[in-house]
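The structure under discussion appears below in the form of structure tokens.
Quick note: the coordinates plus some simple rules give every number you see, no bench work behind them. Predicted, not measured: the structure shown is a model, and the values here were computed from it. Cβ: placed from backbone, ideal geometry, glycine included. Neighbour counts: every protein chain shown.
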Amino acid sequence: MTYALNDDHRQIQDLIRRVARERVAKRADEIDRTAEYPHDMFALLKELGLFTLPFPEQYGGAGSLLSACIAIEEFARVCYNTAYLLLVQWVPFGAILSGGTDAQKQWLLPGLASGELRGAFSTTEAQSGSDVSGIKTHAVKVDGGYRLNGAKIWCTNSDIADFVLVAAKYGDDPKSNISLFIVEKGMKGFTVGRKEDKIGARGVPSCPLFFDDVFIPEANRLGGGFKAVMEAFNASRPLIGARGVGLAQGAIDHAVEFVKDRAAFGRQVSDFQGIRWMLADMQMQTEAARNLVYRSAAMVDAGASAAELAPMAAMAKCFASDTAMKVATDAVQLFGAAGVSAEYSINRYFRDAKVLQIIEGTNQIQRNIISNSMLGRPAR
Ligand SMILES: Cc1cc2nc3c(=O)[nH]c(=O)nc-3n(C[C@H](O)[C@H](O)[C@H](O)COP(=O)(O)OP(=O)(O)OC[C@H]3O[C@@H](n4cnc5c(N)ncnc54)[C@H](O)[C@@H]3O)c2cc1C
């Protein structure tokens, strides 16, 4: 539990753990059940000033990905959706920080940092998710800006967001490069469709987007290009793994409590060796995932190169989310029939873990990144 954490990391861990237990945990089931956006949890994160945590101190952050992973882990341990609120704010923040012009940074970063602004990020389309190069949404240059046409699916936070960073092919040539465009709420021709009814991650909406000849001013094309932003995302991938560690540890917390109280054959369920060994395996796997996540985050903080980082960050995301799925499945098993009942929290860990294996680069794609690095091939 104490892998190479310094006093700053521990301070953040203590603070978030306390807030998570005292103020977040009691809301988690309701957020999951109603699938309503948790405005109160967003207000709490805003009050705590956490929207810049992984970013440089000049933006009010701790400048430490390891600290950010610890915060995500502690929130996900009690409420995946609250942890997700941080991630969806950090994605556009990180993209603009790495790829935005000075003017775009001045325009959007202070608002994202304070929580006055909310953003979303959109690449996925009906015909192409993992294969981003297959997107069809396109922008054509016109006087003073661009005309954007196309449609997206699964854009998380989009019906709350003040703006969406939208990936689109730029130019008439279908093989042309991808750029990111800042599409603002209320722009003529931009609509957000009905939110998906999801099995997990239910508190933060994911919606389709439609662009019907939307005029995008020149100032809204992200400066640094798509590639720079995607490279920055590689560096933030340990955060996705941290959610897996939090989910796994939270599932263990619930399972331990349950088997200590439950009796069968005249004994406590926790007295059966088979059960104790299951618990030990769950904790071992979670601890291994935690070490992989912390190590890859520490590599980011130490300035590791993109080539070193890519396979490590992929391992962290893939192993931690696979561990979350396995541990949550075992935890449901330990609950018996109660694990299947909506009355118990444990089944939401199981559902949220399944989503985590798919989002932010599926676990097959992560395995491609790892094996390509082993074989000396390009990342994908
Ligand atoms: C809750 C949720 C939130 C999301 N939020 C966002 C968001 O905010 N913004 C956004 O842009 N997208 C978002 N997505 C979309 C998500 O990023 C994609 O679903 C994901 O990238 C996979 O794409 P796909 O669903 O089209 O699957 P596909 O790419 O069609 O893949 C189908 C299957 O084939 C496998 N596969 C594909 N290519 C390979 C390969 N080369 N080798 C081996 N296996 C392969 C995949 O792993 C998967 O199992 C979200 C999705 C969910 C579920």
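What share of Cα pairs, in percent, lie more than 19 angstrom apart in the stretch 237-374? Please list the in-between numbers first.
Numbers: 4908 of 9453 pairs.
Here the long-distance tail beyond 19 Å is 52 percent of all Cα pairs in the stretch 237-374.
Based on Cα contacts under 8 Å between residues 6+ apart, the stretch 7-114 shows a relative contact order of 30 percent.
Subtracting the Cα-Cα distance of ALA263 and SER305 from their residue separation scaled by 0.36 nm leaves 9.8 nm.
For the chain, the relative contact order comes to 17 percent (Cα pairs under 8 Å, sequence separation of at least 6).
Dipole of the stretch 272-380, Cα-centred, from +1 at each Lys and Arg C-beta and -1 at each Asp and Glu C-beta, to the nearest 20 debye?
On the way: 11 positive and 9 negative charges, 50 e Å.
So the magnitude is around 240 debye.
In this simple spin-label model, placing a label point 7 Å from the Cα along the Cα-to-Cβ direction at both LEU375 and ARG147 gives a separation of 4.4 nm. Packing here is the average count of other Cβ atoms within 10 Å per residue, and on that basis the peptides 343-353, 57-67, 184-194, highest first, run 343-353, 57-67, 184-194.
With K and R counted +1 and D and E -1, the other residues having a Cβ less than 12 Å from that of ILE216 yield a net charge of +1. A simple charge model with +1 on the Cβ of Lys and Arg, -1 on the Cβ of Asp and Glu and nothing else charged puts the dipole of the stretch 339-380 at about 220 debye relative to its Cα centre.
Listed highest first by mean packing, meaning other Cβ atoms within 10 Å per residue, what order do 21-33, 327-339, 245-257 come in?
Numbers: 21-33: 16.8, 327-339: 19.7, 245-257: 25.1.
Output ranking for 21-33, 327-339, 245-257: 245-257, 327-339, 21-33.
Calculate how steeply helix 39-48 sits against the longest principal axis of the alpha-carbon atoms of the chain, using the helix alpha-carbon long axis, and give the answer as 0 to 90 degrees to the nearest 10. For 39-48 against the chain, the angle is about 90 degrees.
For LEU292, the shell of other residues with beta-carbons less than 12 Å away shows a net charge of +2, using +1 for Lys and Arg and -1 for Asp and Glu.
For the chain, divide the Cα radius of gyration by the Kirkwood radius and give the resulting Rg/Rh value with two decimals.
Rg divided by Rh gives 0.98.
Net charge dipole, the stretch 119-224: roughly 160 debye, given to the nearest 20, about the Cα centre with Cβ charges of +1 for Lys and Arg and -1 for Asp and Glu.
Would you mind telling me which residue in PRO311, PRO217, PRO238 has the biggest mean-square fluctuation in a Gaussian network model of the chain, where springs connect alpha carbons within a distance under 10 angstrom? Result: PRO217 has the largest fluctuation of those listed. Its residues counted as N, the stretch 119-224 yields a C-alpha radius of gyration over 2.2 N^0.38 Å of 1.02. Taking the Cα atoms only, what angle lies between the long axis of helix 80-99 and the longest principal axis of the chain, rounded to 10 degrees? With rounding to tens, the tilt is 30 degrees. Could you give log10 I(q)/I(0) at q = 0.16, 0.25 Å⁻¹ for the stretch 203-257, computed by the Debye formula over C-alpha point scatterers of equal weight, without solvent? With one equal scatterer per Cα and no solvent, log10 I(q)/I(0) is -0.84, -1.04. Would you please give the FRET efficiency between PHE210 and ALA288, computed as 1/(1 + (r/R0)^6) with r the Cβ-Cβ distance and R0 = 56 Å, to the nearest 0.05? So the FRET efficiency works out to roughly 0.80. Working ranking of peptides 120-132, 259-271, 93-105, 70-82 by packing, defined as the average number of other Cβ atoms within 10 Å per residue, highest first, is 70-82, 93-105, 120-132, 259-271. In the chain, the calculated helix contribution to ellipticity at 222 nm averages -17500 deg cm²/dmol per residue, counting -39,500 (n - 2.57) for every DSSP H run with n ≥ 4. For the pair the stretch 105-180 and the stretch 195-259, the centres of their Cα atoms are 15 angstrom apart. In order along the stretch 328-334, the Karplus-derived 3J(HN,Hα) couplings, from 6.51 cos²θ - 1.76 cosθ + 1.60 at θ = phi - 60°, round to 5, 5, 5, 5, 4, 4, 5 Hz, and Gly and Pro are given as x. Principal-axis analysis of the Cα atoms of the chain puts helix 225-236 at an angle of about 10° to the longest axis.
Projected label points at ALA4 and GLU218, each 7 Å from Cα along the beta carbon direction, are separated by 4.7 nanometres.
Taking a Cβ cut-off of under 15 Å around LEU180, the surrounding Lys, Arg, Asp and Glu residues balance to a net charge of +1, with basic ones at +1 and acidic ones at -1. The mean sequence distance of close C-alpha pairs (under 8 Å, at least 6 residues apart), as a share of the length of the stretch 267-358, puts its relative contact order at 26 percent. Annotation: for a label point projected 7 angstrom from Cα along Cα→Cβ of GLU57, residues of the stretch 300-322 with backbone N closer than 20 Å are 300-304.
Based only on Cα atoms, what mean projected area does the convex hull of the stretch 7-114 have, in nm²?
Working: hull surface 26.3 nm².
Here the figure is 6.6 nm², rounded to one decimal.
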